[in-house]
Amino acid sequence: MKTHEYQAKQIFSSYGIPVEKHILCFTAEDAVKAYDGLDTETVVVKAQVLSGGRGKAGGVKLARNKEEVVFYADSILSMKIKELPVKKILISEAVQIDSEYYVGFTIDRNSKSVILMLSREGGVDIETVASETPEKIYRFTIEPFVGMPDYLAKKIAFTLFKESTQVNSMAKILKSLYQVFIEKDASLAEINPLVLTKENRLVAIDAKMTFDDNALYRQTEILAFFEPTEDEKIESSAKEKGFSFVKMDGDIGCMVNGAGLAMATMDMIKLYGGNPANFLDIGGSSNPDKVIEGMRLLLNDKRVKVVLINIFGGITRCDDVANGLLTAFQKIESDIPVIVRLTGTNEKKGRDLLRNTRFIVAETMGEATRLAVGSSKN
Ligand code: ADP
């Protein structure tokens, strides 16, 4: 689960991590009140969307007077960033930046532990730094039984700073950020940029946290921040219907029985040059109602040009599945190409039932995938 900058800043503040003064606003009028309330000449108007790169997209602007605050608040509140409409903005005190840094705790799958990443290349996209100049990122693997005691936080702080006040402030931030990462079951706790101000203070002027969805049951205050995207709303309604569904951005709708086979189907689509529109595991039954519900999910996505149904009949027999598909499609009004690959128990019987119907029948996964990818490109 992702959170907005203002939410992450709220969490950071409660752990003593210094953030600049800021006020959340929904309208240009709110923004003017916030500007008056902050009692500072220059403020930053910042889009609050669940996406990075807001600055590049024009969603972070410096305003030096009331007129500019109104102008930028209005223009940012009417824009979309990476397809996400901006509904909230932050009016933040503009800090005098001397230098910008990157600080982030995340999970490293290779070392199976939490890692801390630091860089002097703050304020830019860290993925770009990691791929183009990886030597500019310092990485520290955190021993779970050691954590981030004072001596270690100070030792690490010396990587970026030499001066004692700066080292001490940085060490405090590292300790608090690690604590928040662990206590809140985060998968990412990131400050980009952490700035050193002209007044020699370290301030987190951006804040990003993502959380482990599987831990949300015990993080009620984090769960209260949850704002599902349109895709997440579809995914959770699919979950209520008993499907395991994840939306993706391709054009080949997939309906598969079994999570492993569903993953393999998506891999194979990619291998043949196509793009899956989703992951959908409909489970092991031939129930036509499930097929109807599953098809509805797929066809609601207007990008879907073709549907690939990949079924392995183990306990579920392929002829039952074929009959289920025939019954289901009597109730589905769509002329979208549907490719069906059936294999396993009674596969021949199943395939025979589907021949000369609205379905395109395939025997192997390779054949079915090639047909689906070909059809998606037409
Ligand atoms: P994003 O990473 O989404 O583009 P940031 O929060 O990192 O957004 O803001 C982009 C840049 O805007 C920062 O790197 C910084 O230079 C500037 N900026 C953001 N907030 C402030 C602030 N409160 N005071 C001064 N400059 C700021």
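The values are calculated or read from the model by the stated rules, or taken from the named source; none is laboratory data. This structure is a prediction, so every number in the text was calculated from the model and none was measured. Backbone-built Cβ (ideal geometry, glycine too); neighbour counts: all protein chains shown. Calculation scope for accessible area: heavy atoms of the full protein, side chains included, ligands and nucleic acids excluded. Shrake-Rupley method; radii C 1.70, N 1.55, O 1.52, S 1.80 Å.
A few remarks follow.
- Candidates Gly53, Gly37 - the one that is of a type outside the set (Ser, Thr, Tyr), away from the ligand (no atom under 14 Å from the Cβ) and surrounded by fewer than 16 Cβ atoms within 10 Å (Cβ to Cβ): Gly37
- In the range 344-378, the residues that are part of a strand (DSSP E or B) and either modelled with pLDDT of 95 or more or surrounded by 20 or more Cβ atoms within 10 Å (Cβ to Cβ) (or both): Phe359, Ile360, Val361, Ala362
- Some residue of the range 3-15 being part of a helix (DSSP H, G or I), open to solvent by 30 Å² or more (accessible area, probe 1.4 Å), at negative phi and not polar (S, T, N, Q): yes
To keep it simple, each residue is scored yes or no on (1) assigned to a loop (DSSP other than H, G, I, E, B); (2) at pLDDT below 95; (3) over 21 Å from Ala264 (Cα atoms).
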residue: Gly324; (1), (2), (3): no, yes, yes
residue: Ile332; (1), (2), (3): yes, yes, yes
residue: Asp335; (1), (2), (3): yes, yes, yes
residue: Val340; (1), (2), (3): no, no, no
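- Among residues of the range 185-211 being part of a loop (DSSP other than H, G, I, E, B) and either within 14 Å of the ligand (Cβ to nearest atom) or free of Cβ contacts under 8 Å to residues at least 12 places away in the same chain (or both), the one that is nearest to the chain's Cα centre (by Cα) is Ala207.
- Of all residues in the range 301-319, those satisfying the criterion of being more than 14 Å from Ala368 (Cβ to Cβ) and touching a Ser or Thr at 6+ places or on another chain (Cβ under 7 Å) are Lys305, Gly313, Gly314, Thr316, Arg317.
- Residues being in contact (Cβ under 8 Å) with a residue 60 or more places away in the chain and either within 15 Å of the ligand (Cβ to nearest atom) or within 20 Å of Val95 (Cβ to Cβ) (or both) - total across the range 12-34: 13
- Candidates in the range 230-242 are the residues that are open to solvent by 10 Å² or more (accessible area, probe 1.4 Å) and touching an Asp or Glu at 6+ places or on another chain (Cβ under 9 Å); of these, the one that is nearest to the ligand (Cβ to nearest atom) is Ile234.
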